[in-house]
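**Q** Sharing a structure here in structure tokens format.
The values are calculated or read from the model by the stated rules, or taken from the named source; none is laboratory data. Just so it is clear, the model here is predicted, and its values are computed rather than measured. Cβ: placed from backbone, ideal geometry, glycine included. Neighbour counts: every protein chain shown.
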Amino acid sequence: MKLTGFLSLAVGALALTCSPAAAECVNGAEPLFDPFTAYKEPGSIIHKESSFVFPAAIEGFRRECEMTTDFSGNNFEIGYVRDVDDHEIEVKISIIHLEQLNAQDHYLIVKPDILSGYSNPAVVFEGDYFVSGRPDIVAYQGIFDGDKDGIPWHFSVTALDYGFWDARLTASYPQEIDAAAQEAIMELIKAFQWQTPTGASTDVAEP
């Protein structure tokens, strides 16, 4: 497949995880509508294809989503929020399967959609991201300033390449709580960084 064709497919697949219709949070979902019920530990949701665990509460964050509308198993997004000084830090974590997509390409594909949610977005940083203690993970990050409903806002997107699985973490919050929010997000990343999506990565057929 030509690169342009592959990138078109990649954009389509990643758009599913960026679209509210494809990653809709449902609070307090009934078990009947929760496709992960059979795989849960008490208080946790486990994405069964990758074995990635999402606790109900972690490092001061509370889990926001009980399910998404994408049941394929190859695209899964869940949200966490944390209150700081009467403001809210919002974090969304996505687990995605898309072959031949590196962290930087993943980032570049979703960047326009992320920026579209803010007024006057400006790049603060773009480049490789080092996950402390995990030199095996290749990651790429963008950090931005912008306005949301007339309020100065800070937001970021980090793409991580685990091989068969990719992950993405987006974070947003008012600039007023920037220092406290950055510290809280680092605590969240540290709590999750020990996990490695597993499963089909060992079953990929040779070309």
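**Q** Quick one: is Ile177 within 25 Å of Ala57 (Cβ to Cβ), aliphatic (A, V, I, L, M) and assigned to a strand (DSSP E or B)? Give the derivation first.
**A** Numbers: within 25 Å of Ala57 (Cβ to Cβ): yes; aliphatic (A, V, I, L, M): yes; assigned to a strand (DSSP E or B): no.
The answer is no for Ile177.
**Q** Here's a follow-up. Working only within the range 60-106, note down all residues that are modelled with pLDDT of 85 or more and of a type in the set (Val, Ile, Thr).
**A** Within the range 60-106, Ile78, Val81, Val84, Ile89, Val91, Ile93, Ile95, Ile96 qualify.
**Q** I'd like to check something: does the range 108-118 contain any residue that is at pLDDT below 95, part of a loop (DSSP other than H, G, I, E, B) and touching a strand residue (DSSP E or B) at 6+ places or on another chain (Cβ under 9 Å)?
**A** Yes, the range 108-118 has at least one match.
**Q** Sticking with this structure for a sec: Would you tally the residues in the range 72-101 being more than 12 Å from the chain's Cα centre (by Cα) and either assigned to a helix (DSSP H, G or I) or under 19 Å from Phe125 (Cβ atoms) (or both)? Break it down into steps so the answer makes sense when it comes.
**A** Just the residues of the range 72-101 that are more than 12 Å from the chain's Cα centre (by Cα), to begin with: 72-74, 81-89, 97-101.
Then drop every residue that is not either assigned to a helix (DSSP H, G or I) or under 19 Å from Phe125 (Cβ atoms) (or both), which leaves 89.
The number of residues fulfilling the criteria is 1.
**Q** Test Lys148 against the stated conditions and say whether it is among the basic types (Lys, Arg), farther than 17 Å from Glu176 by Cβ and out of contact with any Leu (no Cβ under 9 Å at 6 or more places or on another chain).
**A** Values: among the basic types (Lys, Arg): yes; farther than 17 Å from Glu176 by Cβ: no; out of contact with any Leu (no Cβ under 9 Å at 6 or more places or on another chain): yes.
No; evaluated as a whole, the condition is false for this residue.
**Q** Same structure, new question: All but one of (1) of a type in the set (Phe, Trp, Tyr); (2) under 17 Å from the mean Cα position of the chain (by Cα); (3) assigned to a strand (DSSP E or B); (4) surrounded by fewer than 21 Cβ atoms within 10 Å (Cβ to Cβ) hold for Phe125; state the number of the condition that does not hold.
**A** Exception for Phe125: condition (2).
**Q** Those residues that are touching a residue at least 60 places away in the same chain (Cβ under 8 Å) and more than 22 Å from Pro197 (Cα to Cα), I need them from the range 75-91; list them, please. Can you show your working first?
**A** Narrowing the range 75-91 to residues touching a residue at least 60 places away in the same chain (Cβ under 8 Å): 75, 77, 80, 82, 84-85, 87-91.
If the condition is that a residue be touching a residue at least 60 places away in the same chain (Cβ under 8 Å) and more than 22 Å from Pro197 (Cα to Cα), then Arg82, Val84, Asp85, His87, Glu88, Ile89, Glu90 are the ones that fit.
**Q** If you don't mind, another one. Could you tell me which of the residues Ser172, Ser94 is closer than 24 Å to Arg63 by Cα, in contact (Cβ under 8 Å) with a residue 40 or more places away in the chain, out of contact with any Ser or Thr (no Cβ under 7 Å at 6 or more places or on another chain) and polar (S, T, N, Q)? Give the derivation first.
**A** Values: Ser94 fails: out of contact with any Ser or Thr (no Cβ under 7 Å at 6 or more places or on another chain).
The unique qualifying residue is Ser172.
**Q** Among the residues of the range 159-204, which ones are of a type in the set (Ser, Thr, Tyr) and at pLDDT 95 or above?
**A** The first filter runs over the range 159-204 and keeps only residues of a type in the set (Ser, Thr, Tyr), leaving 162, 170, 172-173, 196, 198, 201-202.
The answer is Thr170, Ser172, Tyr173.
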